[in-house]
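Every number in this text was worked out from the coordinates using simple rules, so none of it is lab data. No experiment lies behind these values; they were computed from the predicted model shown. Positions of Cβ are backbone-derived with ideal geometry, glycine not excepted, and every protein chain shown enters the neighbour counts.
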Amino acid sequence: MRSRRLIVSAAVIAAGMGLVPGTAQAAEPGVPAEPAKGAAAQDTAGNPNLELALSADITTARGIDLNINIASADAALDVTIDWGDGTTAKATASGSDVLRHNLHTYARPGEYNVTVTVADRTNGVQVVKQLPFATAGSFFVPHAPTRLLDTRDGTGAARAKAGAFSTTRVKMAGNAKVPAGVAAVVLNVTVTNTTAPGHVTAYPSGTARPESSNLNYTAGQTVPNMVIVPVGKDGYVELYNHGGNGVDLIADVTGYFDRKASDGYTSMNPVRFVDTREGLGTVQGQVPGSGTFGVPIRGRSGIPAGATAVALNVTVTNPRAAGHLTVFPGGQAASTTSNLNFAAGQTVANSVIVPIGADGRIDVRNGSWAGTDVIVDVVGYYSPDSKAAFTSTRPGTPSSPWRLLDSRRWTGWPCLAGGYMPTTVGAYPVDSRPPIEAYVLNVTVTSTSGPGHLSIAPDPYSMDAYRNGRPTPPPRPTTSTLNWTAGQDVPNLVQARPGPYDVIDFWNQSTREVHYVVDWFGQYDAY
């Protein structure tokens, strides 16, 4: 009868070599091993064809599932796994055997060499095999907001509108000090000079274009949206214009995810830091045209002194003229990039990830010539002490993005006025789901017939509680995620923190029903 015993030693961090995440295999014949102490040396003819094959699969952002396939004569075998980070595990086998599901979680994302030694001490023979493995997850690197694409002036592509139903390739790796090998980038993508309705989809170069969309537009609109998108193996991201006429496209990078980085993510229940309408976080009253105000970040609502960047939802409301808003690190000059664009009288929101300045603040500049009100909600932060790593890979399924919910098609029911829709993302099977710090979702509100706004918050109940009863509704959120008026399809990226049972609530904060379209782009695994 074959048996296995696994013992894990204490952890010490070490570097590894690179390989893209996924399954790898290897095998080689046995080599002589030192006989077990006290055992008589025997001829290796007793087990001359000892062989070993390794394969590894992704479990979580920092997890590995190692399978060991051994071909051997009928003999007792000692198996040692060196995970490449200073930790080891031991197991036993008897003759030809398959040791499945040797699980390990690395303390940090990275690229590691896993070394497995199988020793037949009785016959004095062993086999050693090494398997490079790269974690699926990555940590974050803040990047000064930098424009990588502007088809209006030829930055990063031809000086011409992106054609109807066409793709624009945008170089990421090696551009604006974004290094080669990055897993994903944070972009603020803007579509402008539109003459017909359509939508834009961002996806990694070299992969099939997904069904999902990142931003929707109509004729005459300028629409921004933040995107977290994996980078293709060739270092490019593709932007597809799914519209009947040409449009101008703009893309600004504000950060990237890399296995060599040091900053993990910590999610927060959304906290309102600024509301100029009531004087919260700054002076009361509209931000004047070309005006700038600072927002202290570090040391507030549990954000530590070592935080390097902050994740926000920023809303403009009551603007007296068209313009744009720029969010940038405190103490620095405002960049030429924009985070959201608005028309006179429009209420519009956009997600923002921005580095925190050396003074512990961020700055917000109104790029319009006239005043506007500004609201800033904080949803999370990045720091060296944060543990959650971003991944766009789900075990046993295609990579991101994928359509999680379309209430027009799947439920057939809209979210009622003033109501909420509890939803579980379910990126992993229920029995193997790791703790999730936050989901990265693109949420679009459609079929709108009046003004309103959407709030997203963690739900304290399980889906079973909803199926088997009617729990008391959770408290209604006081923050907003996106805003709309009648007839609009409005998207926004959301880094949504789930409740203890992996349930997220979508609150329709309006007097009329709406439909939701939700696309999954990734998640921050807690381990």
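Could you give each residue of region 71-77 its phi-based ³J(HN,Hα) in whole Hz, using Karplus coefficients 6.51, -1.76, 1.60 with θ = phi - 60°, and x for Gly or Pro?
For region 71-77, the Karplus curve yields 10, 7, 5, 6, 7, 6, 10 Hz.
Once amide H atoms are built 1.01 Å from N in the peptide plane, which residues 5 or more positions from residue 386, or in another chain, come under 5 Å H to H?
Result for residue 386 returns 264.
Give me log10 I(q)/I(0) at q = 0.10, 0.17, 0.20 Å⁻¹ for region 246-371, Debye formula, one equal scatterer per alpha-carbon, no solvent.
-0.33, -0.94, -1.26
Show the residues, 5+ positions off or on another chain, whose built amide H is closer than 5 Å to the amide H of residue 151.
Those qualifying (amide H under 5 Å, at least 5 residues apart or on another chain) are 249.
If amide hydrogens are placed 1.01 Å from N in the peptide plane, which non-local residues have theirs closer than 5 Å to the one on residue 330?
For residue 330, the qualifying residues are 357, 361, 362, 363.
Please work out how much length the chain gains when fully extended from residue 144 to residue 130, using 0.36 nm per residue of separation minus the C-alpha to C-alpha distance, in nm with one decimal. Please list the in-between numbers first.
Working: separation 14, 0.36 × 14 = 5.04 nm, distance 3.90 nm.
Going from the current span to full extension adds 1.1 nm.
Just the number, please: Stokes-Einstein D of the chain in µm²/s, Kirkwood Rh from C-alpha pairs, 20 °C, 1.002 mPa s. All intermediate terms of the calculation are to be shown ahead of the outcome.
Values: Rh = 24.9 Å.
Value of D from the Cα-based Kirkwood radius: 86 µm²/s.
Using a Förster radius of 51 Å, what is the FRET efficiency between residue 219 and residue 464 based on their Cβ-Cβ separation? Nearest 0.05, please. Mind showing how you got there, number by number?
Working: r = 46 Å, r/R0 = 0.90.
It comes to 0.65.
Could you give each residue of region 506-513 its phi-based ³J(HN,Hα) in whole Hz, using Karplus coefficients 6.51, -1.76, 1.60 with θ = phi - 60°, and x for Gly or Pro?
10, 9, 8, 8, 9, 9, 9, 6
What's the extension gain from residue 320 to residue 245 if we count 0.36 nm per residue and subtract their Cα-Cα distance?
Full-extension gain reported as 24.0 nm.
Residue by residue through region 247-264, what is 3J(HN,Hα) from phi via Karplus (6.51 cos²θ - 1.76 cosθ + 1.60, θ = phi - 60°)? Round to whole Hz and write x for glycine and proline.
Rounded to whole hertz, the list is 9, 8, 10, 10, 9, 10, 8, 10, x, 8, 10, 8, 6, 8, 6, 10, 9, x.
Lysines near residue 171 by alpha-carbon distance under 27 Å, same-chain residues fewer than 8 away left out - which ones?
Leaving aside lysines fewer than 8 places away in the same chain, those within reach of residue 171 are 161, 233, 260.
For a Förster distance of 45 Å, can you work out the FRET efficiency between the beta-carbons of residue 180 and residue 67, rounded to the nearest 0.05? Kindly include the intermediate steps, with their values, before the conclusion.
On the way: r = 30 Å, r/R0 = 0.67.
Step by step, r from the Cβ atoms, then E = 0.90.
Please work out how much length the chain gains when fully extended from residue 159 to residue 100, using 0.36 nm per residue of separation minus the C-alpha to C-alpha distance, in nm with one decimal.
Details: separation 59, 0.36 × 59 = 21.24 nm, distance 5.45 nm.
Computed gain between residue 159 and residue 100 is 15.8 nm.
How would you order 350-356, 255-261 from highest to lowest mean count of nearby Cβ atoms within 10 Å?
Values: 350-356: 26.1, 255-261: 23.0.
The packing order, highest mean first, is 350-356, 255-261.
Only Cα pairs under 8 Å and at least 6 apart count here; give the relative contact order of region 43-106 as a rounded whole percent. Display every interim value, and only then the final one.
Details: 113 pairs, mean separation 21.5, N = 64.
Relative contact order here is 34 percent.
If I take R0 = 22 Å and measure r between the Cβ atoms of residue 262 and residue 236 in this structure, what FRET efficiency does the formula 1/(1 + (r/R0)^6) give, to the nearest 0.05? Don't skip to the answer; put the middle values down first.
Numbers: r = 26 Å, r/R0 = 1.17.
Efficiency for this residue pair is about 0.30.
Between the alpha-carbon centers of region 185-223 and region 486-518, tell me the distance in whole angstrom.
Computed from Cα coordinates, the inter-centre distance equals 19 Å.
When only Cα pairs under 8 Å and 6 or more residues apart are kept, what is the percent relative contact order across region 217-369? Present the calculation step by step, with values, prior to reporting the outcome.
Details: 247 pairs, mean separation 39.9, N = 153.
Worked out over region 217-369, it gives 26 percent.
If contacts are Cα pairs under 8 angstrom and at least 6 residues apart, what is the relative contact order of the chain in percent? Present the calculation step by step, with values, prior to reporting the outcome.
On the way: 1621 pairs, mean separation 70.7, N = 527.
Dividing the mean separation by the residue count of the chain yields 13 percent.
Go ahead and collect, in residue order, the members of region 119-147 whose backbone nitrogen is under 20 Å from a label point 7 Å along the Cα-Cβ direction of residue 75.
Under cut-off, by backbone N: 119-130.
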